Amino acid sequence: MADTNSRQETGSSKLREWMAFLFVIAVVVPVLSVAVVGGYGFIVWMLQVFVLGPPGHGG
Amino acid sequence: MKIISTLWNTLKRPPVHISLGVIIIVSFIAGVIFWGGFNTAMEVTNTEKFCVSCHEMEDNVYQELQETVHWSNRSGVRAICSDCHVPHEWTAKIARKMQASKEVWGAIFGTINTPEKFEGKRLELAQHEWARFDANGSQECRNCHDYDSMDWELMSDKARRFMKPAAERDQSCLNCHKGIAHHLPEEMNKGGNPLLADLLNDATSVSANKDTPYYSAESVDLYRDAELTELVGHLTIATEVAVLETQGGSVKLEIPGWRKEKGFGRVFYEDFGQNITNAVLDKDAAQDESLVATRERKEDDLTGLPWAKVTAELWAKKGAYLKGRDALWDTASEIYHDGCSVCHSEPDPEHFDANTWPAMFSGMVGFTNMDGPTQSLVLKYLQKHSSDYVDDGQNVDDGQAAER
């Protein structure tokens, strides 16, 4: 995207834009989501092990 | 590095080639697909097929489940692994899924990959589950079962007697229903037989002298004759006897006891007024004065019943008697602790008196897997260490105190 004036550059920057978009949507966001949920679960698990004890009524 | 910086440079700017509409629509669709996939993954990992895809689960707990009511019943409702083991509440569920990473670790490194290793770990694993059920009041069971929907009239008498008070206290199901889906850990299954067998083993090597007291290491059949042909009754375990005579494989025993002077007097008790059974004779033998001699008579003020101190002289097999009762009491104490501390901490023996214990004990013993002989030993142990006997010097130092 450094130079949008050249035709050739335009083609490859379009490709690059699509690649980036799809990469983020198909890989980065899902991986992050799973990591966040998993991390949350892991933290809760560790809390259960060391602080809270096993899950009780409703939580 | 180059790729990442290019990517970052591309992402930093507003898009030039992709319209906002396309971005929104594609993102939305991707979100839907992701959400669906996430939930599908959660569901797949909740299926029984997934759970038993490890042979550790398939070979052990899965096979055991198939013998139980939750596998096939008249209502045709199946409980699968996740019904009982995975919380429904979202956070707890996610935490449980992450916890499974430990199980994956175990599967990779084979911590329980043989039946022996599994049995070795089972108590620990079961205790984790019990702690969990304890904390949530057996929530998973109650997703299907509900105290409020139970019709006491339809329940068996035994079930009603226990379940109704449990419902009033909103008690956790697993307080009483351990082992509902899988075999109990081996440690809890020892009904005491191997321990009793050890005692009996010791007893076979004890040679009987006259004049010293002996104690039966098992329930022994009693005969009128030295050839052991005419059976007249039996001696209960841990009963004091004296050996009068030895003839081949038989010994002539002198059995002291008290009995009620009412009816046939078939049951001998260890002490005046105490329902601690020593021996049971059949009707004819109990009335036969050549076998049973009366020494003393006394009336029980409490019940008004006349009691008599008696001794019987009868034949029995050799090699079933020990010199003291300590080994018997130690064994009994261990079995009592193991069997009766499963649901509540076991009451001290001296919590009840000797005549209260039999009813207490028989109401509870069905929850344990003690067999007949073990039951009578443990009951006698409890009675002899009950409030009627604690002040009696002989019982003070018998290991029971040291255990606490």
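The values are calculated or read from the model by the stated rules, or taken from the named source; none is laboratory data. Nothing here was measured: the structure is a model prediction, and the numbers come from that model. Heads up, the Cβs are rebuilt from the backbone with ideal geometry, glycines too, and the neighbour counts pull from every protein chain shown.
Tabulated results
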item	result
Helices (runs of 4 or more DSSP H) wholly inside region B:1-99 containing at least 1 residues that are of a type in the set (Lys, Arg)	B:2-12, B:48-51
Conditions (1) in contact with an Asp or Glu (Cβ under 6 Å, 6 or more places away or on another chain); (2) among the charged types (D, E, K, R); (3) surrounded by 15 or more Cβ atoms within 10 Å (Cβ to Cβ): number failed by B:Glu186	(3)
Single condition A:Pro54 does not satisfy, out of (1) more than 7 Å from chain B (Cβ to nearest Cβ); (2) not in a helix (DSSP H, G or I)	(1)
Residues that are closer than 17 Å to A:Val27 by Cβ and either touching a strand residue (DSSP E or B) at 6+ places or on another chain (Cβ under 9 Å) or exposed (fewer than 10 other Cβ atoms within 10 Å of the Cβ) (or both), drawn from region B:1-15	B:Ile3, B:Ile4
Residue, surrounded by the most Cβ atoms within 10 Å (Cβ to Cβ), within region B:382-399, restricted to residues that are under 15 Å from B:Ala332 (Cα atoms) and either modelled with pLDDT of 90 or more or among the aliphatic types (A, V, I, L, M) (or both)	B:Leu382
